Amino acid sequence: MPVAVSVRERRLTWLSDRVDLAREFPAAALSLPYHFAMAASPVCSGGAIWGGFVLGWPTGGESGLTRCQLDVIDDTCARMGDLLRRASERGRPIIPKPLPRILDPIQAHRPWPYAGLTALACLNCLPEGYCHLDTHARITLITAPAAELLAAKASEMVGQRLGTALPWLDDPIYEDRCRTAIVSHRATQFAARCPDGRRLLFQCYPSLPGITMRITPITTSEAPVEDADRRPRVIGQHGMLHLAVSLARAMTAQDVVDLVADHVMPACDAQAMAILTWDSGRMRVAASRGYSQQGLEGFNGRPVVHPVRWARGYDEGRAAFYANWEEFRQTYPDAIHIDNMGAWALLPLVAQGRSIGTCVIAYDRPHQFSDSEQAMLTALGGLITQAFERAWLYDNKHQFAQCLQASLLPHVLPRIPGLDVAARYVAATPGMDIGGDFYDLIRLSDSTAAAVIGDVQGHDMTAAALMGQVRTAIRAHATAGADPGEVLAHTNRLLTELDTDRFTSCLYVSFDPRRRTAGLASAGHPPPVLGLLGAPAEVIDTSPGLLLGIDPDAEYVTTDVNMPPGAVMALYTDGLIEQPGRDLGESIAELAARFTPAPGQALHDLAESLIGPITNEQRTDDTALLLLRNTPTPR
């Protein structure tokens, strides 16, 4: 909000019209879609800020505040600050009331005692009805003809809100017309149908304070002349407030486009939308809705189309509106006509003074943009900028982390005589952070090998980077000839010395296919499952030690296991088995129950049968799976 910025930065904030408000404060513009200017200033005294002062008035082409106006605002804020400070020092701070206090304007002259009755008598002689509403839409005066037209009693209406006294007028559309007249000091009107079917015209004229309303019957069959865009804009306003909340949860550029398209395109009667970015002088479609594939190809990869900067109506950094193709070509002569669209709104996406893209909203026929539409779409551009910037930063961060993790995982597993191997890695569902799951297969000699699987604590780039360090350390100690327990002990000591504040679970298995044996050591990792031909699978007890990185003196026990010909050992991370609210032991037992290797079954098919079910679910964690089979006749 403008006053929040003013208080935080200790400066006056000036907004000359609702377009300025829409550009700088889109959420505020959506909730206050009226023609008015605003000045916000901090209320200071004694070096402390005691509040904020907001002054608003109808717009009249003011480009800035005069020196006199600035002096009045500064003096007023200083006097209010002193009052608030002294009240606080006396232990009687001034507490805000639930509703603002409305001040009556200073009267130019003192009316005589019976002026009100005389005025009411004069108005009662007129054929049309009149009533007066204060700034809270409460009825303060109503004439007899007005009460007759409304089929109500004047005595029962005075003091009540218009929508309370007449429930059939309790509609946001009508309330907004009254508020527009009060805030913008512009006459408005609306038509409404009485419960008995009669149609009435309500004309709202700004007065101080509140509005004077003229009520007349509509005798023709046609509706009165109204702001043609008014009803869709007000409906859009409430939808846009909901959109502002929804966009805060958007995680990708397509999420942003889908949310905006669902809320805005039907209200604006637009047919297509796209967010364009650029790279090395060429346009890229970050996300889209409504454009054909051929149309998207017309955008994607083409050189950036530059505007004629002296074209009429062009203002760099501001939203631009083109009612037809001729207007568009005047500003962008090198543009191509895509999908035969007839009108365009171009909303620049500028974050922290840097252009990050453009949002294009297209119509399939020529379209004249009203002032209300331009203000709403300008505010929409601000909301899209904020949401797209978050999504853009997240996409880049997530892509970088995925590339980092992919580069640290083995691209090709070595071929080990006597061992068949299959590996699968499934990342978390898009929208989740990157994890630190890893696996590896290490050739120790011509006839022996080691398999490693682990999970670094956390879901960020730090976890992915630490995973690479763990994998490197394990490789170094394994190829030096250490047994499984020693490999984990040495790696654990290294991690504690790095002081990363991250812990790592790890399972290390050395294989000797000729002897058909395996040695296992575990650092708090889920136990492996051994699938046997013609027998139920077994969960191997590994006597797990502490997670790596906790205690530098931790010891890890090596467990020896026989590997009969055709036996398959499954190493996995907890993403394969964990389910919210379910015991981990039960999940491991369920995995063992469905782990039934068949003679001659391809390991890749077996891996797919184990990991396939989780690929269709919302995954909050990465999953790694490594299958190793002792071939019947190792070469």
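The values are calculated or read from the model by the stated rules, or taken from the named source; none is laboratory data. Quick caveat: nothing in here was measured; it's all calculated off a predicted structure. All Cβ positions, glycine included, derive from the backbone under ideal geometry; neighbour counts span all protein chains shown. Calculation scope for accessible area: heavy atoms of the full protein, side chains included, ligands and nucleic acids excluded. Shrake-Rupley method; radii C 1.70, N 1.55, O 1.52, S 1.80 Å.
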Original post:
With the stretch 10-63 as the region, which strands (runs of 3 or more DSSP E) entirely inside it contain at least 2 residues that are farther than 25 Å from Pro93 by Cβ and in contact with a Gly (Cβ under 7 Å, 6 or more places away or on another chain)?
Top reply: 37-45
**OP:** Considering each residue of the stretch 199-220, count those that are exposed (fewer than 15 other Cβ atoms within 10 Å of the Cβ), part of a loop (DSSP other than H, G, I, E, B) and of a type outside the set (Val, Ile, Thr), and give that number.
**Re:** 1
Original post:
Out of Leu70, Leu21, Leu32, Leu84, which single residue is at pLDDT 90 or above and closer than 30 Å to Ala379 by Cβ?
Top reply: Leu70
Original post:
Restricting attention to the stretch 154-161, does a residue exist that is open to solvent by less than 60 Å² (accessible area, probe 1.4 Å) and part of a helix (DSSP H, G or I)?
Top reply: yes
Original post:
Do we have Met157 as out of contact with any helix residue (DSSP H, G or I) (no Cβ under 9 Å at 6 or more places or on another chain), among the hydrophobic types (A, V, I, L, M, F, W, C) and at pLDDT 80 or above here?
Top reply: no
**OP:** Tell me which residues, restricted to the stretch 501-515, are buried (at least 17 other Cβ atoms within 10 Å of the Cβ) and either in contact with a helix residue (DSSP H, G or I) (Cβ under 6 Å, 6 or more places away or on another chain) or not in a strand (DSSP E or B) (or both).
**Re:** Arg502, Phe503, Thr504, Tyr508, Ser510, Pro513
**OP:** Residue by residue through the stretch 521-548, note down the ones that are farther than 22 Å from Pro597 by Cα and either open to solvent by less than 10 Å² (accessible area, probe 1.4 Å) or outside any strand (DSSP E or B) (or both).
**Re:** Ala521, Ser522, Ala523, Gly524, His525, Ser543, Pro544, Leu546, Leu547, Leu548
Original post:
For the stretch 552-561, how many residues are touching a Ser or Thr at 6+ places or on another chain (Cβ under 8 Å) and either open to solvent by 60 Å² or more (accessible area, probe 1.4 Å) or small (Gly, Ala, Ser) (or both)?
Top reply: 2
**OP:** Test Leu591 against the criterion of being out of contact with any Gly (no Cβ under 9 Å at 6 or more places or on another chain), within 22 Å of Val412 (Cβ to Cβ) and in a helix (DSSP H, G or I), and give yes or no.
**Re:** no
**OP:** State whether the residues of the stretch 46-55 include one that is open to solvent by less than 30 Å² (accessible area, probe 1.4 Å) and under 38 Å from the mean Cα position of the chain (by Cα).
**Re:** yes
Original post:
Within the stretch 614-621, can one find any residue that is in contact (Cβ under 8 Å) with a residue 24 or more places away in the chain, part of a strand (DSSP E or B) and surrounded by fewer than 20 Cβ atoms within 10 Å (Cβ to Cβ)?
Top reply: no
**OP:** Can you give me the number of residues within the stretch 177-198 that are without any contact (Cβ under 8 Å) to a residue 60 or more places away in the chain, charged (D, E, K, R) and either more than 15 Å from Thr216 (Cβ to Cβ) or surrounded by 17 or more Cβ atoms within 10 Å (Cβ to Cβ) (or both)?
**Re:** 2
Original post:
For the stretch 304-403, which fully contained strands (runs of 3 or more DSSP E) count at least 1 residues that are modelled with pLDDT under 85 and touching a helix residue (DSSP H, G or I) at 6+ places or on another chain (Cβ under 8 Å)?
Top reply: 343-351, 354-363
**OP:** Could you pull out the residue among Tyr363, Tyr394 that is out of contact with any Leu (no Cβ under 6 Å at 6 or more places or on another chain), at negative phi, hydroxyl-bearing (Ser, Thr, Tyr) and crowded, with 20+ Cβ neighbours inside 10 Å?
**Re:** Tyr363
Subject >> Checklist (1) in contact with a helix residue (DSSP H, G or I) (Cβ under 6 Å, 6 or more places away or on another chain); (2) surrounded by 13 or more Cβ atoms within 10 Å (Cβ to Cβ) applied to Glu590, failing item >> reply: (1)
Subject >> Residues of the stretch 75-103 classified as closer than 23 Å to Gly47 by Cα and in contact (Cβ under 8 Å) with a residue 40 or more places away in the chain, total >> reply: 2
**OP:** Please verify whether the stretch 124-147 includes one or more residues that are farther than 17 Å from Gly210 by Cα, among the aliphatic types (A, V, I, L, M), assigned to a helix (DSSP H, G or I) and open to solvent by less than 30 Å² (accessible area, probe 1.4 Å).
**Re:** yes
